[in-house]
Ligand SMILES: [Fe+2]
Ligand SMILES: [Fe+2]
């Protein structure tokens, strides 16, 4: 192909460039919190801090990159979209954070280097689409990888820890841990049902299994918690609640 003069698409993003993007996003999130006047968001929830949000972004970058590689998506488009996807999460309203994040990314990408316009548009399109709640098959492959990664970071061991932290903030006791873990399981099942790629489905399956084990261990160790292995009949009655970290405030979810 190269002998015909067709441009071979090399990776346009060096590691140094990617590190600069990460630093920009980290600084942007920190500044969003510092600039905030009091009121508004509940900063005491762990997922409302700049540290949580940036860590979530790193998790999403890792997951999205893995999915993109295995699913044949453009890895650079996917990972750059992932690093910027929640840059506006702490400064814009929830409903607007995807579009505002796309604008911030466009501004960064067009002012720092001569990236191909098609690359910039693919990245910004994926960022804009990342909070889409419809059928994932309607999205670009790269946007789909990003949404799947974003969903997967809410489940599994990590999702369980976040809901346990929330229990503490709400002064709930460890005796609620069984019910809360079942909520994570339900969330995991919802995510597994929604993801489209085999790779994301496999990761969801693995994370569901971890939470299932943990729920069983809790039941075996804590007096007063049912061991779910003994109570299959009750399985349908638990975990009907919506995303726990979204409860009461749609604008403060983790996506
Ligand atoms: Fe988001
Ligand atoms: Fe996110």
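Remarks
- With respect to the conditions (1) more than 12 Å from ligand 1 (Cβ to nearest atom); (2) at negative phi, residue 72 lacks only one, and its number is (2).
- Considering each residue of region 138-152 in turn, at least one proves to be in the same structural domain as residue 29 (by TED's automatic domain parsing) and in a loop (DSSP other than H, G, I, E, B).
- Number of residues in region 77-91 that are more than 13 Å from ligand 2 (Cβ to nearest atom) and closer than 20 Å to residue 26 by Cβ: the value is 4.
- Residue in region 168-183 that is within 15 Å of ligand 1 (Cβ to nearest atom) and either more than 21 Å from residue 22 (Cβ to Cβ) or assigned to a helix (DSSP H, G or I) (or both) present: no
The values are calculated or read from the model by the stated rules, or taken from the named source; none is laboratory data. Given the structure is predicted, the values throughout are model-derived calculations rather than measurements. Note that we place each Cβ from the backbone using ideal geometry, even for glycine, and neighbour counts take in every protein chain shown.
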